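Let me begin by presenting the structure, written as structure tokens, before commenting on it.
The values are calculated or read from the model by the stated rules, or taken from the named source; none is laboratory data. Note that the structure is a prediction, hence the values are computed from the model and not measured. Cβ: placed from backbone, ideal geometry, glycine included. Neighbour counts: every protein chain shown.
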Amino acid sequence: MDYQTFPQKLKALRKQNHLSQSQFGEQVGVSNRAVSKWENGESMPSTEKLLRIATLFSVPLNALLSEDVSPQVHTAVEGMPSLKELYRIGSGPSSSHTMAPQRAAEYFRIKYPDADRFEAELFGSLAKMGKVYHLDSLIRETFAPKKAVISLRVGEDSLPHPCTMRFCAYSGKNLLGKIEAYSTGGGSFRIKGEELSQNESVYPEHSYTEIASYCEQKRIRLWQYAEEKEGSQLWDYLSEVWKAMVESIESGLSEEGVLEGGLGVQRKAKFLYSQSHIDESAETRENRLVCAYAFAVSEQNASFGKVVTAPTCGAAGVLPAVLRYAKEKRGFSDREILQSLATAGIVGNLIKTNASVIGAECGCQAEIGSACAMAAAALGELYGMSLNQIEYAAEIAIEHHLGLTCDPIKGLVQIPCIERNAVAAMRAINAVNLANFLSDTRKISFDLVVKTMYETGRDLSRVYKETSEGGLAKLYL
Ligand code: SF4
């Protein structure tokens, strides 16, 4: 949906932020009658009030005023896509910066088979990180053998989305068509004006509360809910996902040396895996192995290897590490692992649908926090925990990542990303242990913490959202 005029944009932003006209008026310092007039187009705010509104909603002023630019507005959620949209098998290191633009370019190339030339413009975080991720060559290769001109538009801040891309197709001098698309995390993309066009809505429910109540009524578990909505072919897909996760761990454990990119980061998975001490405690061993598996996947990701988005490439190590260790320790069958992947997928899908799993939009809390919540839910499923306990485990996992910034040094998905996957995997195990005992005392719902994460992400300065302009990226010399 496009919001072209100022009154439309104002109303949409106010509703998106769950403010009544009088609550909004209070924050801006006017009466609800004045707000009503602005929204009806009967009057316009003063410049001072406009600046206040832009600050309140964290949108650039010209995105409020210009009819060519839409502020980022979350439209009403109508359902959730398939888990196939969430779990994608592909090459790292960044699902939102490499996979999604490539997929969008591929979509556009197929849409205009008669084009002899394409143009792609990348904005925001895509432009900023484009060189690091070789995005210009990746897109050029996607359009090959057709000619393609790729432009990285660094410095254009008034964007509808932090990962915006525009594509044009030409035949000779004739423009055949154009699209504007946004990378929405985990390799997915959305085309302006085509809601859910890439991801047909498969799940009518879109909150944990609704889903849990549905499952309780039917006396089914979350994985059965996923099977009911997606059909039995879901298991074939998840089987491929699990296979790719195991392969990424194995490949990562077999590699040594220094990762590319100039930071001199040593691969550590194999070292961690092979260490052992005659007096090693069970806890130390668990910590070492879970971390080794998380390092293995994350190091594969950092070296452009094959991983599964769970929910993104940058956070791809958390879920496989926890599942591999649980399988080894407790002997869970592959079937049980697939069921736990389905449960984790529902949790990831809820976050992706209602908030964000993209570092460039909401910081690392959206990537690693979401991965931790997915891993906690998966483990809860394997342990046969109740819907309430699984909810609590996922809630704890994400709550204690709130505010986590994204500040990868040199834009490489290495520091702090690799180690962070290992820490989050351990945290997921802790969250499950805590939820096992304390779920009856829970005060915060999963849905609430997801909403909080999104609000927090919007309040984070852009320098902490995959721009490599703040935090470690700024201070590391
Ligand atoms: S800091 Fe977190 S969100 Fe940012 S690139 Fe690394 S893993 Fe992804």
*List every residue pair whose Cβ atoms sit under 7 Å apart, with the two residues 6 or more apart in sequence or on different chains, where the first one lies in the stretch 394-409 and is closer than 14 Å to Ile444 by Cα and β-branched (Val, Ile, Thr) and the second, anywhere, is assigned to a helix (DSSP H, G or I) and within 14 Å of the ligand (Cβ to nearest atom).*
Ile398/Gly369; Ile398/Ser370; Ile398/Cys372; Ile398/Met453
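Among the residues of the stretch 305-330, how many are assigned to a helix (DSSP H, G or I) and β-branched (Val, Ile, Thr)?
Number of matching residues: 2.
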*What pairs can you find where one residue is in the stretch 325-351 and more than 17 Å from Leu387 (Cβ to Cβ), the other is at pLDDT below 95 and not in a loop (DSSP other than H, G, I, E, B), and their Cβ atoms are less than 8 Å apart, with a gap of 6+ or different chains?*
Tyr325/Glu286; Lys329/Glu286
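Per-residue answers, yes or no, for (1) crowded, with 20+ Cβ neighbours inside 10 Å; (2) not basic (Lys, Arg):
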position	(1), (2)
Lys128	yes, no
Leu135	yes, yes
Val149	no, yes
Arg153	no, no
Met165	yes, yes
Thr184	yes, yes
Glu205	no, yes
Glu210	no, yes
_Take the conditions surrounded by fewer than 22 Cβ atoms within 10 Å (Cβ to Cβ), in contact with a helix residue (DSSP H, G or I) (Cβ under 6 Å, 6 or more places away or on another chain) and within 21 Å of Ala424 (Cβ to Cβ) and apply them to Arg324. Does it pass?_
no
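Among the candidates Glu419, Glu381, single out the residue that is away from the ligand (no atom under 16 Å from the Cβ) and assigned by TED's automatic domain parsing to the domain that holds Glu455.
Exactly one of Glu419, Glu381 is away from the ligand (no atom under 16 Å from the Cβ) and assigned by TED's automatic domain parsing to the domain that holds Glu455, namely Glu381.
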*Elements of type helices (runs of 4 or more DSSP H) contained in the stretch 44-163, each with 2 or more residues being at pLDDT 90 or above and within 22 Å of Arg190 (Cβ to Cβ)*: 83-86, 100-111, 124-129, 135-143
*Within the bounds of the stretch 248-260, is there any residue that is hydrophobic (A, V, I, L, M, F, W, C) and either within 22 Å of the chain's Cα centre (by Cα) or under 16 Å from Ser340 (Cβ atoms) (or both)?*
yes
*Any chance the stretch 337-355 includes a residue that's within 16 Å of the ligand (Cβ to nearest atom), among the hydrophobic types (A, V, I, L, M, F, W, C) and crowded, with 24+ Cβ neighbours inside 10 Å?*
yes
*Lone qualifier among Ala321, Ala310 - being modelled with pLDDT of 95 or more, farther than 23 Å from Thr98 by Cα and under 23 Å from the mean Cα position of the chain (by Cα)*: Ala321
*In this structure, is Phe271 of a type in the set (Phe, Trp, Tyr), assigned to a helix (DSSP H, G or I) and loosely packed, with under 15 Cβ neighbours inside 10 Å?*
yes
*Has the stretch 299-319 got any residue that is touching a residue at least 24 places away in the same chain (Cβ under 8 Å) and more than 16 Å from the ligand (Cβ to nearest atom)?*
yes
*asked:* Residue under question is Phe332, and the condition is that it be within 16 Å of the ligand (Cβ to nearest atom) and either more than 20 Å from the chain's Cα centre (by Cα) or surrounded by fewer than 24 Cβ atoms within 10 Å (Cβ to Cβ) (or both); does it hold?
replied: no
*asked:* Within the stretch 452-466, take every residue that is over 21 Å from Ile396 (Cβ atoms) and part of a helix (DSSP H, G or I) and give me the one that is nearest to the ligand (Cβ to nearest atom).
replied: Tyr464
